[in-house]
Structure formats: C-alpha cells, structure tokens
Amino acid sequence: MNSQPKKNNKVLILLLIVFVLPVAVAKLVLSFDLYQAGATNQGVLLVNDINYSNLAMTNPKPHSWQMLYLLPDTCEQVCKDRLYVLHQSYIALGKDRDRVSPIILVSRNSDINTLKQLDISFQQVPANNALAALLTQQQLVIVDPLGSLIMQYDQVIGRDANIAQGKAMIADLRKMLKLSRVG
C-alpha cells in the first residue's frame, strides 16, 4: 500500500516541473533582459506622438500615406541623392503607388531650382517652423494616413548607401501598406 502514494508523488512533482519550470525560466530571462526582441523594420520608429496637429500644420494629403523630405536651402549632392531615392522609391512601389504621396516640404529659402533641374514634380508643401526644426538632418519620413510621423530614415552618405536605404524604406512601407486598412 505504501508504494502507490510514492509513485503518485513522483508524477505530481514531474508535472509541476514540466509546467512550472518553463514559466520560471521565462520570467528570469525577461526580468534580467537576456532576451533581445527582433525587429523587422529597417528605419527608426518615432516613438513620440508627433503628428501634424501637434506641429500646428494641416495634413497636406489626408487619408494617404506620405513620404516627406524637407528641401534644404542649398541642395548639394546629398540632397540630390535623397531626392533621387525618394523618386525611385515612389516608382518602385508599383501597384501601391496610388496609396502613397511623396511630398517635398519647402521653406522660404529652399532650393526649388534643383527640383526643376532634376525634373521632380512631387507636391510641394510649405513647412512650418516646428516641422522644419524637426527635419534638419535631411532625413526621409513616413507619415501614416492619420497624419502621424511614424518612421524616419536618417541621412547616409553616398549614392549606393542611399539606394540601399531606399530599398529598406520600400520594404518597410510595403509591410505597413499590407497591414494597414487605412489609406
């Protein structure tokens, strides 16, 4: 009679180990920051709640995804590379092109002649001071259909690096378009 309860205790202990041990190990891994979460985005997510209304600016293309670029005062080679990447990325979107609007933000001193030289006919929107102050490093920014600035691509040097970044931006934008039911 004594042999049966010992067997039941072993089964009970084994069941506890099988179900409790993984939970305890997972808790330890998460509490000591041993787990590095994977991210598939290649741009930098903007975590602050930055949108057109916070910046006191009207949304130039409501209900549409947007790719923004602030045209600097003098458009040197880096600027020309960024405009080229913006143009090529828009073309590469293919069937999703009608859901995305590339927008060139201009200030009073922006070099608009470069757009004419490069034959880029994207919509030009005057940028207010708050948005211009945010985009001083010639970064490309993706804006969702609700007007929130959600992802940015920092300036890189060289045409090859810009082209690689353009491919990354297209990949991220396609994922967002696929998952989005808005715009």
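The values are calculated or read from the model by the stated rules, or taken from the named source; none is laboratory data. Source: prediction; values computed, not measured. We place every Cβ from the backbone using ideal geometry, glycine too, and count neighbours over all the protein chains shown. SASA here: full protein model, heavy atoms, side chains in, ligands and nucleic acids out. Shrake-Rupley method; radii C 1.70, N 1.55, O 1.52, S 1.80 Å.
Figures for the structure shown
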quantity: Between 0 and 90°, nearest 10: helix 3-31 axis offset from the chain longest Cα axis; calculated: 20
quantity: Of all accessible heavy-atom area on region 1-126, the percent that carbon and sulfur account for (1.4 Å); calculated: 58
quantity: Between helix 159-179 and the chain: long-axis angle, C-alpha atoms, 0 to 90°, nearest 10; calculated: 60
quantity: Which listed pairs, of Lys80/Lys175; Lys61/Lys178; Lys95/Lys175, have C-alpha distances above 18 Å, in listed order; calculated: Lys80/Lys175; Lys61/Lys178
quantity: Accessible area per residue in Å² at 1.4 Å probe, computed on region 1-136; calculated: 68
quantity: Sorted peptide list for 141-151, 93-103, criterion being average Cβ within 10 angstrom, highest first; calculated: 141-151, 93-103
quantity: Highest-first arrangement of 52-65, 24-37, where packing means the average Cβ count within 10 Å; calculated: 52-65, 24-37
quantity: Whole-Å distance, taken between Cα centres, linking region 130-183 and region 58-85; calculated: 10
quantity: Lys, Arg +1 and Asp, Glu -1 on Cβ, resulting dipole of region 33-89 about Cα centre, debye, nearest 20; calculated: 240
quantity: If the convex hull is drawn through the Cα atoms of the chain, its volume per residue in Å³; calculated: 180
